[in-house]
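In what follows, a single structure is set out as structure tokens and then discussed.
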Amino acid sequence: MEHQTQKNHPASNQETIIKSSCQPTACGFKLFLLVLILILVGALIYGASWALQIQKRMNSLAGQQSILSTRFSDLNGLFQAQSETAQNQLKALGNYQATLDQLKQTIGSNQSWVLAEVDYLLHTAQFDLTIQHQIPQTILLLKAADDRLNALHDAKTLALRDQLAKMITDLSAIPIVDKTGIYLQLKALDDTVDQLPLIQDHLQFSTTQNHTTPIPASIKSKWLDLLHTFKITLKEILIIRHHEQPIEPLMTDQYRDLLNIRLHVLFAEAEWATLNEQTSLYQSILNQLQTIFQHYFIQTDAKLLTMQQTLHTLQPINFSPTLPDLTPVLEAFQKLQSGK
């Protein structure tokens, strides 16, 4: 048994040697196959996920493409509408241009038209200045003519524009008289004439008091009684006062009404002179009013003082100041128009 066992033992060792010698190759091949299978499975999984992502992106791009196509169609419609509007506007501009060309052919060159406007403005300014004495309106007309000439950008207009600038400066230096305001002030003063107190309204005549003294009982003489009675009577009859100026006779009610009527007439004449720019008549009437107020009315009255101060302010006003001559301006325009 032991011998057989010993005989069999070497055989088993040989089989173990043989098996152990063949195992690494088989295991390596199997391992290779296993790795290859894992790689293929990973590749398939990655490919499947990548395909899904590509599909999602394709779907997203398809949605965006539909949105873009919709917007493009809207923009295309808007562009067509704007294009039609632009074409209509171009047609309208073309019609306007044709109309302007016809007007230019009818009227002439732009310079001729501007010079015609300047001619009208200058002659209107001359009428307003010399006939109506409207200084502010004349200044506006001259400035309008200067603006028309400035639009030409022509050096030939410099001489005329220089004359216009000098004339505008001279007219601006003349004080503007508010005739309407002066008329209303005079009318307001006229309304207060009847309220002014006369001097005689405040004259207070002192009444003499009877200082009769009783005759002493001791004096019984008749001639002393007569003398005393004479003195008392004389004091009651004679009143002695000292006046630096001659005494004016007192006014009756009728004369006072006539005085008020006279004042109203003078104020009405002053108002007429104001509206008609009659400077000499206006100043003369205001002098007469001042004289009457000083002669007949109380000088300390507040209303009278206000009236006198107002008249003193209004009196120096000149309705017809010396106006400049527009002849140099018109001559410069004629030279420009003739091309000299």
Out of curiosity, is Phe333 more than 30 Å from Ser280 (Cβ to Cβ) and among the hydrophobic types (A, V, I, L, M, F, W, C)?
yes
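A quick yes/no check of all residues on (1) under 27 Å from Glu269 (Cα atoms); (2) in contact with a His (Cβ under 6 Å, 6 or more places away or on another chain); (3) in contact (Cβ under 8 Å) with a residue 60 or more places away in the chain:
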residue	(1), (2), (3)
Leu289	yes, no, no
His295	yes, no, no
Asp301	yes, no, yes
Thr306	yes, no, no
Ile317	yes, no, yes
Thr322	yes, no, no
Val329	no, no, yes
Phe333	no, no, yes
Within the range 275-288, can you find the residues that are over 11 Å from Gln315 (Cα atoms) and buried (at least 17 other Cβ atoms within 10 Å of the Cβ)?
Gln278
Can you tell me which residues in the range 291-323 are farther than 15 Å from Ile182 by Cα and assigned to a helix (DSSP H, G or I)?
Thr291, Ile292, Phe293, Gln294, His295, Tyr296, Ala302, Lys303, Leu304, Leu305, Thr306
Tally the residues that are farther than 18 Å from Leu121 by Cβ and assigned to a helix (DSSP H, G or I), restricting the search to the range 170-186.
8
What residue, of Leu189, Leu160, Leu142, is assigned by TED's automatic domain parsing to the domain that holds Thr306 and either surrounded by 11 or more Cβ atoms within 10 Å (Cβ to Cβ) or in a helix (DSSP H, G or I) (or both)?
Leu189
Show the residue pairs meeting these rules: Cβ distance below 9 Å; 6+ apart or different chains; first residue within the range 255-266 and closer than 14 Å to Lys187 by Cα; second residue at pLDDT below 90 and surrounded by 15 or more Cβ atoms within 10 Å (Cβ to Cβ).
Leu263/Val193; Leu263/Leu196; His264/Val193
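For the range 252-289, what are the residues that are polar (S, T, N, Q) and more than 41 Å from the chain's Cα centre (by Cα)? Step through it out loud before you land on a result.
Let us first name the residues in the range 252-289 that are polar (S, T, N, Q), namely 252, 254, 260, 274, 276, 278-280, 283-284, 287-288.
Result: Thr252, Gln254, Asn260, Gln288.
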Exception for Tyr96 within (1) surrounded by fewer than 11 Cβ atoms within 10 Å (Cβ to Cβ); (2) closer than 30 Å to Gln278 by Cβ; (3) not basic (Lys, Arg) falls at (2)
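The values are calculated or read from the model by the stated rules, or taken from the named source; none is laboratory data. For clarity, every value in this text was computed on a predicted model and none was experimentally measured. A quick note on method: Cβ atoms are made from the backbone with ideal geometry, for glycine too, and the neighbour counts reach across all protein chains shown.
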